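Here the structure is laid out as structure tokens; the discussion comes afterwards.
The values are calculated or read from the model by the stated rules, or taken from the named source; none is laboratory data. Note that the structure is a prediction, hence the values are computed from the model and not measured. Virtual Cβ from ideal backbone geometry, glycine too; neighbours counted across all protein chains shown.
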Amino acid sequence: MLELYHWEPTLDSGEPLVALKEKALPFRAHYVDLAELQQHQPGYLRLNPSGQVPVLVHDGRVITEAGLILEYLEDAFPERPLRPAELAGRYRVRFWIKYAEERVAPYAALLGWLAIGRPALTAAAVEQARQSIRQLPAERRQLWEKALAGSWSEEEIVLARASLSSAVRLIEQTLREAPYLAGDTYSIADIALVFIVRALRTAAPEIASAERAPATLGWLGRLEGRPAVAETLALARTSAPERAFAPGPEPARWG
Ligand SMILES: N[C@@H](CCC(=O)N[C@@H](CS)C(=O)NCC(=O)O)C(=O)O
């Protein structure tokens, strides 16, 4: 049996939802409302002590990390493959999953949090979050404190923008040469980036603009037209899931 703990279909939570739908795998979905801080409740922290989504549970095995979940699903359910069979194609898939996690997601989450997530919090919500994060491991707590204070230096924000600009350049160059990130076929590499680029288009439209990234936006439009992506977006409980930002990945990347 497959169960998925997820939030809005954006950034990391959208990825496993799309893979499960592409593979037509039945699963039980558990919506973890990050806006209500449900990820910090004791029951959830027992499942994932870092208090993050997404989490896949397969026959009782707990699998965390969005990119690893994509690869796990691929290994466990190879029927309806979402990964090229040949070695070079598999390398390209792994390259993009790692690149998405390390070089794109943390910075997109940071800009989205600063532009949209943090300004939406009331003083009462900030206070509630300060209480809620007391039970988190030290590094997650530290990240949250920084996120609640919004205390990133100008230098860190400039670095985030520069990293995202070079990431979009690389994605754009790749998509000018082939229809999908790993080459001729759609794969989990595309799934690893579709919601991150979608969020970026909202949080930093000047970086993912039609002028700078036409091939990337064309790819995004094609992916949004896939039934699995459209069905995933239809699971949103907010009217604009691409505007749903919580403190995101890896403290090391957040400064
Ligand atoms: N490296 C993790 C990052 C997951 C992550 O950062 N999730 C965020 C949402 S995008 C989260 O759960 N934040 C809630 C919190 O930190 O309390 C992955 O790829 O799954």
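Couple of notes before you dig in:
- Of all residues in the range 182-209, those satisfying the criterion of being among the aliphatic types (A, V, I, L, M) and over 22 Å from ALA160 (Cβ atoms) are ALA182, ILE188, ALA189, ILE191.
- Filtered residue count, the range 54-71, keeping only those that are of a type outside the set (Asp, Glu) and within 12 Å of the ligand (Cβ to nearest atom): 10
- Scanning the range 119-139 for residues that are more than 13 Å from the ligand (Cβ to nearest atom), in a helix (DSSP H, G or I) and not aliphatic (A, V, I, L, M) turns up PRO119, GLU127, GLN131.
- Residue match in the range 94-115 (condition: surrounded by fewer than 19 Cβ atoms within 10 Å (Cβ to Cβ) and on the phi > 0 side of the Ramachandran plot): no
Let's see how each residue does on (1) aliphatic (A, V, I, L, M); (2) modelled with pLDDT under 95; (3) under 19 Å from TYR107 (Cβ atoms):
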position	(1), (2), (3)
SER153	no, yes, yes
ALA160	yes, yes, yes
GLU172	no, no, yes
ALA178	yes, no, no
SER187	no, no, no
VAL194	yes, no, yes
ALA199	yes, yes, yes
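One line per residue, one yes/no per condition, for (1) closer than 18 Å to ALA199 by Cβ; (2) modelled with pLDDT of 95 or more; (3) over 18 Å from the mean Cα position of the chain (by Cα):
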site	(1), (2), (3)
GLU15	yes, yes, no
PHE27	no, yes, yes
SER50	no, no, no
LEU56	no, yes, no
LEU68	no, yes, no
LEU73	no, yes, no
ARG83	no, yes, yes
GLY89	no, yes, yes
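- Filtering the range 41-87 to residues that are within 17 Å of MET1 (Cα to Cα) and hydroxyl-bearing (Ser, Thr, Tyr) leaves THR64, TYR72.
- When the test is whether a residue is farther than 26 Å from ALA120 by Cα and either near the ligand (Cβ under 10 Å from one of its atoms) or of a type in the set (Gly, Ala, Ser) (or both), GLY51 does not pass it.
- Hey, ARG46 among the basic types (Lys, Arg), farther than 27 Å from ARG90 by Cβ and more than 11 Å from the ligand (Cβ to nearest atom) or not: yes
- Only one entry in PRO137, PRO119 is at pLDDT below 95, more than 30 Å from ILE171 (Cα to Cα) and not charged (D, E, K, R), namely PRO137.
- Qualifying positions in the range 1-30 - among the aromatic types (Phe, Trp, Tyr) and surrounded by fewer than 21 Cβ atoms within 10 Å (Cβ to Cβ): PHE27
- Candidates ALA76, ALA88, ALA35, ALA24 - the one that is of a type in the set (A, V, I, L, M) and under 20 Å from GLU231 (Cβ atoms): ALA24
- For the range 211-255, a tally of residues being aliphatic (A, V, I, L, M) and modelled with pLDDT under 95 returns 4.
- Residue count, the range 53-69 (criterion: out of contact with any Pro (no Cβ under 7 Å at 6 or more places or on another chain) and under 14 Å from PRO16 (Cα atoms)): 10
- When ALA199, ALA215, ALA204 are screened for being in contact (Cβ under 8 Å) with a residue 40 or more places away in the chain, under 28 Å from ARG140 (Cα atoms) and more than 15 Å from the ligand (Cβ to nearest atom), only ALA204 passes.
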